[in-house]
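Laboratory data are not the source of any read-out in this text; all were calculated from the coordinates shown. Keep in mind that this is a model prediction, so the values were computed, not measured. When we count neighbours, we look across all protein chains shown, and the Cβ atoms used for this are built from the backbone with ideal geometry, even at glycine.
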Amino acid sequence: MIWIQFAILLVAILIGARMKGIGLGVMGMAALALYLFVFRMRPAEPPIDVMLIILAVVSTAATMQAAGGMDYLVRIAEKILRSKPSMITLLGPLVTFAFTLFAGTAHITYSLLPIISEVATKKRIRPERPLSISVIASHLGITASPISAATAAMITILAGQIELVHILKVCIPACIVGILCGVAVVWKKGKELEKDPVFLEKMKDPEFAQELDAHSASDNTPLKPGAKISVIIFAVAVLLIVLVGAFPSMLPSFEPGAANLSVNANGTIKMAAVIELVMLGAAALMLLFTKTATADVAKASLFTAGAQAVVSIFGVVWMSATFMEANSVAIEGALGDMVKAAPWTFAIALFLLSMLLFSQAATTKALMPLGVLLGIAPMNLVAMFPATNGDFVLPGYPTLLAAINFDRTGSTYIGKYLINHSFMLPGLVAVSASVASGFLFAHLFW
């Protein structure tokens, strides 16, 4: 029976992934309906905390975008990227990682990808090199960000065993090591641009050649009056969350009692609630001080992307959690001995599930509780956290497709066999190195 239920889960994920957008969410709900009404499986708790965090963080980031703060950040990034064109393969991923680390979502990097592609092309560096590792770096930033939904899910699952500071001091340096390893493997990847037959064929078109080398001036459109203020408010909010995570005693505590979405049973405030409170409070300050219209926030691209993520996570995580809980004894029996003998093998399971779910938060919420059930040490689970970045394997994630579209030379591609694409090598190397270094930093800094 478990194999039939697992087949239903896989079919729902695969169909939902092909539908894109809210597809994962609605197909997850359809499979969940089968679990409930056909197999009579007890439904698990829906991932309300993760959904609320995504809504809060994305709403605040969208407010900053509507206030012009995103344009201001992009201009800063553009100056950095254009300052050393020959180093674009190194600077590109470091900048996209920093952006995601700051904002908690990889969708913030869409504005950077065309700049990276242009700088590389004008320098005649194969754009595939910086674009591929920059996309991977932006994904790794999610598992190192203090305000991402995936990080908050980890804190919730391991409540009382880890604090935010544990994740940051392990995953930030581990992901940087992974990114640098990814940079190393793509530094000379593929043919040089001026020897690439695809590029040379495109250059035979005079219009293409002229457009490619045309001077692209920086956007000198005046920034909105509240652009810098919105970035400052957002930065202070992120800093406050990090401080609270490092020093939980800063928060008020209450009498012990029944736990809810905001308070633990011992009376302490949950980190997820802190993130939601601080982020939406920052959004309120941005609206007040920058005089941004709330209607503009709802129209922001980040808000739309966040809404789709909420629906997707709602359905697919609820479905996965129900399957896991209903079959926990069988799963624990199958994986228990292997994981106890070699805890790192659990990272493979995280990676494989993230390939299908296209979400670090969904993977964390669906599978990390099993790691706890199997008795894996908290520091090892934190070390394996970057393994949830397998969303590049099947090239359907928006950031991958955007990078391919922004590369006018055609060097960034999806191969004939689907998985032989530009992001596979840097992704496998970067994630593997991040997990390996995660174990090292966990033992050094724990």
Only Lys, Arg (+1) and Asp, Glu (-1) charged, at Cβ; the stretch 1-133 dipole about Cα centre in debye = 580
note = Ordered by number, the trypsin sites (Lys or Arg not before Pro) in the stretch 249-337 that occupy a DSSP loop and have at most 13 other Cβ atoms within 10 Å are K291
key: Highest to lowest packing among 148-157, 202-211, scored as the average C-beta count within 10 Å   = 148-157, 202-211
ask   = Near K84, which lysines are there with a Cα under 22 Å away, not counting those fewer than 8 places off in the same chain?
value = K122, K123, K188, K189, K191
inquiry  = Just to compare against my own numbers: the Cα pair-distance distribution for the chain, 10 Å bins, whole % per bin, please.
reply    = 4, 21, 30, 27, 13, 4, 1, 0
message = Which one, M355, F406, L418, projects farthest toward the positive side of the charge dipole computed for the stretch 302-446 from Cβ point charges (K/R +1, D/E -1)?
response = F406
task = Rank by packing, highest mean first: peptides 23-29, 223-229, with packing defined as the count of other Cβ atoms within 10 Å averaged across residues.
result = 23-29, 223-229
Max mean-square fluctuation residue, GNM over the chain, Cα-Cα springs under 10 Å, options A295, A307, A433 = A295
task = Report the convex hull volume per residue for the stretch 258-301, counting only C-alpha atoms, in Å³.
result = 87
request  = Quote the charge dipole size of the stretch 45-445 about the Cα centre in Debye, to the nearest 20; the model charges only the Cβ of Lys and Arg (+1) and of Asp and Glu (-1).
outcome  = 940
query = Which whole number of Å³ per residue matches the convex hull of the alpha-carbon atoms in the stretch 102-201?
reply = 102
request  = Taking amide H positions as placed in the peptide plane 1.01 Å from N, state which residues far from V263 in sequence (5 or more) or on other chains have amide H under 5 Å from it.
outcome  = K270
note = Note on the stretch 45-445: contact order normalised by length, alpha-carbon pairs under 8 Å, 6 or more apart, percent, works out to 28
inquiry  = Which of A300, A258, A77 ends up with the largest GNM mean-square fluctuation for the chain, with Cα atoms connected below 10 Å?
reply    = A258
task = Report ³J(HN,Hα) in whole Hz for each residue of the stretch 238-252, in order, from the Karplus equation J = 6.51 cos²θ - 1.76 cosθ + 1.60 where θ = phi - 60°; Gly and Pro get x.
result = 4, 4, 5, 5, 5, 5, 5, x, 7, 10, x, 5, 5, 8, x
query = Looking only at Cα atoms, what is the convex hull volume of the stretch 1-127 per residue, in Å³?
reply = 146
remark   = Charge tally for neighbours of G69 with beta carbon under 13 Å away, counting Lys, Arg as +1 and Asp, Glu as -1, is +1
ask   = What shape does the stretch 191-290 take by its C-alpha gyration tensor, where a ≥ b ≥ c are the square roots of the eigenvalues and a/c under 1.5 counts as rounded, a/b above b/c as prolate, and the rest as oblate?
value = prolate
message = Skipping prolines and chain starts, which residues have an amide H placed within reach, meaning under 5 Å, of the one on S253, given they are 5 or more residues away or on another chain?
response = none
query = Karplus couplings for the stretch 118-126 from phi (6.51 cos²θ - 1.76 cosθ + 1.60, θ = phi - 60°), rounded to Hz, Gly and Pro as x?
reply = 5, 4, 5, 5, 5, 8, 6, 9, 4
remark   = Between the Cα axis of helix 69-83 and the main Cα principal axis of the chain, the angle (0 to 90°, nearest 10) is 50
ask   = Considering the dipole of the chain built from charges on the beta carbon (Lys and Arg +1, Asp and Glu -1) around the Cα centre, which of M286, L112, V165 is farthest to its positive end?
value = L112
ask   = Using θ = phi - 60° and the Karplus form 6.51 cos²θ - 1.76 cosθ + 1.60, what ³J(HN,Hα) does each residue of the stretch 178-186 get, whole Hz, x for Gly and Pro?
value = x, 5, 4, 5, x, 4, 4, 7, 9
